[in-house]
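The values are calculated or read from the model by the stated rules, or taken from the named source; none is laboratory data. The structure displayed is predicted, hence computed values, not measured ones. Here the Cβ positions follow ideal geometry from the backbone for every residue, glycine too, while neighbour counts run over all protein chains shown. Remember, those area values only see protein heavy atoms, side chains included, never the ligands or the DNA or RNA. Shrake-Rupley method; radii C 1.70, N 1.55, O 1.52, S 1.80 Å.
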Amino acid sequence: IDFDLVLENVKDLNALAGEGLSEIEHTPRGARLRQPESLPLTLYQDGMIMGNGPFRPYEEPSTQQYLQDIMDGYFPSELQPRYPNGI
């Protein structure tokens, strides 16, 4: 796993998803600014944790696919149904 590439691409993907930008959320009394939802990714020597989820060893095929998507410059395919505009 090329961790430097993963970190660089996560930074680029975050920018594409609008990191640091506020969204307008309409309320019954008007509107307010809201920060987009984020999903923390913690990388360890032998695996990763996404959000509050379980530890995922790098040997698991789903973890390998997740990281391969990022290394290829794409949002992880497993997140696309839940976050179609990126996260």
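Scan the stretch 38-62 residue by residue and report those that are more than 10 Å from the chain's Cα centre (by Cα) and under 17 Å from Leu13 (Cβ atoms).
Residues satisfying the conditions are Thr42, Leu43, Met48.
For the subset of the stretch 63-85 comprising residues that are in a helix (DSSP H, G or I) and among the polar types (S, T, N, Q), which member is least open to solvent (accessible area, probe 1.4 Å)? Outline the logic, then answer.
Of all residues in the stretch 63-85, those in a helix (DSSP H, G or I) come to 63-71, 77-79.
Checking which are among the polar types (S, T, N, Q) leaves us with 63-65, 68, 77.
Numbers: Thr63: 0, Gln64: 100, Gln65: 90, Gln68: 79, Ser77: 58 Å².
Here the answer is Thr63.
For the subset of the stretch 23-51 comprising residues that are assigned to a loop (DSSP other than H, G, I, E, B) and open to solvent by less than 60 Å² (accessible area, probe 1.4 Å), which member is modelled with the lowest pLDDT?
Among residues in the stretch 23-51 that are assigned to a loop (DSSP other than H, G, I, E, B) and open to solvent by less than 60 Å² (accessible area, probe 1.4 Å), the one modelled with the lowest pLDDT is Pro36.
Take the residues in the stretch 7-22 that are acidic (Asp, Glu) and within 16 Å of Leu79 (Cβ to Cβ); name whichever of them is most open to solvent (accessible area, probe 1.4 Å).
Among them, the one singled out is Glu19.
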